[in-house]
Amino acid sequence: MLAALRSIVPDEWNMDHEVAWNWLWENVERIISSTIALPRAYEKAVRNFLFSQPEDKMMFLRAQTFKTFFMRCPSGQDFFKQSTTRLYFILDKNYEMTIEMFENPGKVVQDLSALGLRHVGYGVPVELFPPFVGSAVEAVAEVTEDETVRTAFSWGLNLISKILMRVILEGSTIVMKAINLNDEAALRKAIAVAPRQHRATELLNISVGTQSFSPLFWAIESGSLNSARAMIQDLLTIRADREVYYYGCEELFRRHPDIVKRLCTSAPTLLETLLDGFIWRSVHGMRRVNYYIKY
């Protein structure tokens, strides 16, 4: 790497760059060498701790975690509106992911990417993640005095929360924020800043890592039908510049070949909006047309 970099910028490269480069990678090597063996020890500590706890201790962990979290962040109750049983299930899934992060990190990262994209739709503030992790770690610390277990839980849960926070931040586009408001004007204002050739992509796809997510389908599934109506109308509006016409019909059906079926099932009131976008009409009146659906 050093030789390649030196050959790319031969005129600007000097000894200061050489020293800085070596210092950087020597520190990276030192940090990795000192921590590379820790995940195996952490996995064993977390697994033994969770599998050795009686049910009453696990119930204490669950209750104490949410009690501390709600005391620190009362606004968190606006996002944890489910039953106590459901809340405890969510926390148990966190424990499972903490173990699996040591066993199969690649799979967990993919699962977390998909989970994070769903949280984008829920509008969950990333500011809630650190106090939630802190509350979970403190609850574990009240049950065990083993420092390795405490450190392992803190390391695993913090890593999970950082991945989720990154996915949410990257996926929280202005279109998704407008969908959460369920306001047509806000949606049109959000998509107005996108170039003509990118408007369909902004409305149909958000990608983070290996996972993708459809803002249009999320608007339909979450009941934000005002936003979904504005999105369909925008997709099926014909635009042009000096060289190209833009019409989102092909992109819509390429991304969602089952869009008609989905609307029939989940949002039949939007069918007229969709079908109306397939007809070209004269501005000053009605003209006879031959109408067909390709897909």
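Please find, within the range 243-254, the residue that is farthest from Thr273 (Cα to Cα) out of those that are open to solvent by less than 80 Å² (accessible area, probe 1.4 Å) and not β-branched (Val, Ile, Thr).
If we filter the range 243-254 for residues that are open to solvent by less than 80 Å² (accessible area, probe 1.4 Å), which is where we start, we get 244, 246-253.
With not β-branched (Val, Ile, Thr) added as a condition, the list becomes 246-253.
Numbers: Tyr246: 19, Tyr247: 15, Gly248: 14, Cys249: 13, Glu250: 16, Glu251: 17, Leu252: 14, Phe253: 15 Å.
Per the criteria, the residue is Tyr246.
Mind checking whether some residue in the range 22-39 is at pLDDT 90 or above, among the small types (Gly, Ala, Ser) and part of a helix (DSSP H, G or I)?
Within the range 22-39 (the criterion being at pLDDT 90 or above, among the small types (Gly, Ala, Ser) and part of a helix (DSSP H, G or I)), the answer is no, since none of the residues qualifies.
Filter the range 119-142 down to residues that are touching a residue at least 60 places away in the same chain (Cβ under 8 Å) and closer than 30 Å to Asn182 by Cα and give me whichever is surrounded by the most Cβ atoms within 10 Å (Cβ to Cβ). Even if it seems obvious, please write down each step before you answer.
Filtering the range 119-142 down to residues touching a residue at least 60 places away in the same chain (Cβ under 8 Å) leaves 120-121, 131-132, 134-136, 138-140, 142.
If we keep only those that are closer than 30 Å to Asn182 by Cα too, we end up with 120-121, 131-132.
On the way: Val120: 24, Gly121: 21, Pro131: 16, Phe132: 21.
The selected residue is Val120.
Which of (1) free of Cβ contacts under 8 Å to residues at least 12 places away in the same chain; (2) farther than 30 Å from Gln110 by Cβ does Ser207 not meet, given it meets every other one?
The single condition Ser207 does not satisfy is (2).
Would you check which residues across the range 182-201 are buried (at least 16 other Cβ atoms within 10 Å of the Cβ) and under 23 Å from Thr269 (Cα atoms) and list them?
As a first pass, look at the range 182-201 and keep what is buried (at least 16 other Cβ atoms within 10 Å of the Cβ): 182-184, 186-187, 190-191, 194, 199-200.
Hits for the range 182-201 are Asn182, Asp183, Glu184, Ala186, Leu187, Ile191, Ala200.
Here's the yes/no breakdown for (1) over 25 Å from the mean Cα position of the chain (by Cα); (2) open to solvent by 60 Å² or more (accessible area, probe 1.4 Å):
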residue: Met15; (1), (2): yes, yes
residue: Ile32; (1), (2): yes, yes
residue: Pro39; (1), (2): yes, no
residue: Val46; (1), (2): yes, no
residue: Ala63; (1), (2): yes, no
residue: Gln82; (1), (2): no, yes
residue: Leu87; (1), (2): no, no
residue: Met101; (1), (2): no, no
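Considering the range 89-99 alone, what residues qualify as being over 20 Å from the mean Cα position of the chain (by Cα) and open to solvent by 50 Å² or more (accessible area, probe 1.4 Å)?
Phe89 - this is the single residue of the range 89-99 that is over 20 Å from the mean Cα position of the chain (by Cα) and open to solvent by 50 Å² or more (accessible area, probe 1.4 Å).
Going by the structure shown, is Thr68 part of a helix (DSSP H, G or I), crowded, with 16+ Cβ neighbours inside 10 Å and not aromatic (Phe, Trp, Tyr)? Even if it seems obvious, please write down each step before you answer.
Numbers: part of a helix (DSSP H, G or I): yes; crowded, with 16+ Cβ neighbours inside 10 Å: yes; not aromatic (Phe, Trp, Tyr): yes.
So Thr68 passes the test.
Every residue in the range 143-155 that is surrounded by fewer than 18 Cβ atoms within 10 Å (Cβ to Cβ), touching a residue at least 40 places away in the same chain (Cβ under 8 Å) and part of a helix (DSSP H, G or I), please. Walk me through how you get there before you give the answer.
First, pick out the residues of the range 143-155 that are surrounded by fewer than 18 Cβ atoms within 10 Å (Cβ to Cβ): 143-148, 151.
With the extra rule that they be touching a residue at least 40 places away in the same chain (Cβ under 8 Å), the set shrinks to 143-144, 146, 148, 151.
Across the range 143-155, the qualifying residues are Val143, Thr148, Thr151.
Give me a count of the residues in the range 222-245 that are modelled with pLDDT of 85 or more and within 20 Å of the chain's Cα centre (by Cα). Before the answer, list the steps.
Restricting attention to the range 222-245, the residues satisfying the condition of being modelled with pLDDT of 85 or more are 223-237.
If we keep only those that are within 20 Å of the chain's Cα centre (by Cα) as well, we get 223-224, 227-228.
Counting residues in the range 222-245 that are modelled with pLDDT of 85 or more and within 20 Å of the chain's Cα centre (by Cα) gives 4.
Out of Val167, Val175, which single residue is more than 28 Å from Met97 (Cα to Cα), under 20 Å from the mean Cα position of the chain (by Cα) and assigned to a helix (DSSP H, G or I)? Lay out the reasoning, then the answer.
Working: Val167 fails: more than 28 Å from Met97 (Cα to Cα).
Answer to the check: Val175.
Can you tell me which condition Arg188 does not meet? The list is (1) basic (Lys, Arg); (2) within 24 Å of Asp258 (Cα to Cα); (3) in contact with a helix residue (DSSP H, G or I) (Cβ under 7 Å, 6 or more places away or on another chain), and all the others hold.
Every condition holds for Arg188 apart from (2).
State all residues of the range 259-271 that are surrounded by 12 or more Cβ atoms within 10 Å (Cβ to Cβ) and not hydrophobic (A, V, I, L, M, F, W, C); if no residue qualifies, say none. Please lay out each step first, then the result.
Filtering the range 259-271 down to residues surrounded by 12 or more Cβ atoms within 10 Å (Cβ to Cβ) leaves 259-260, 262-264, 266-267, 270-271.
If the condition is that a residue be surrounded by 12 or more Cβ atoms within 10 Å (Cβ to Cβ) and not hydrophobic (A, V, I, L, M, F, W, C), then Arg262, Ser266 are the ones that fit.
The values are calculated or read from the model by the stated rules, or taken from the named source; none is laboratory data. What you are looking at is a predicted structure, and each value in this text was computed from that prediction instead of being measured. We place every Cβ from the backbone using ideal geometry, glycine too, and count neighbours over all the protein chains shown. The protein model used for the area step is the full one, side chains on, heavy atoms only, and it has no ligands, DNA or RNA in it. Shrake-Rupley method; radii C 1.70, N 1.55, O 1.52, S 1.80 Å.
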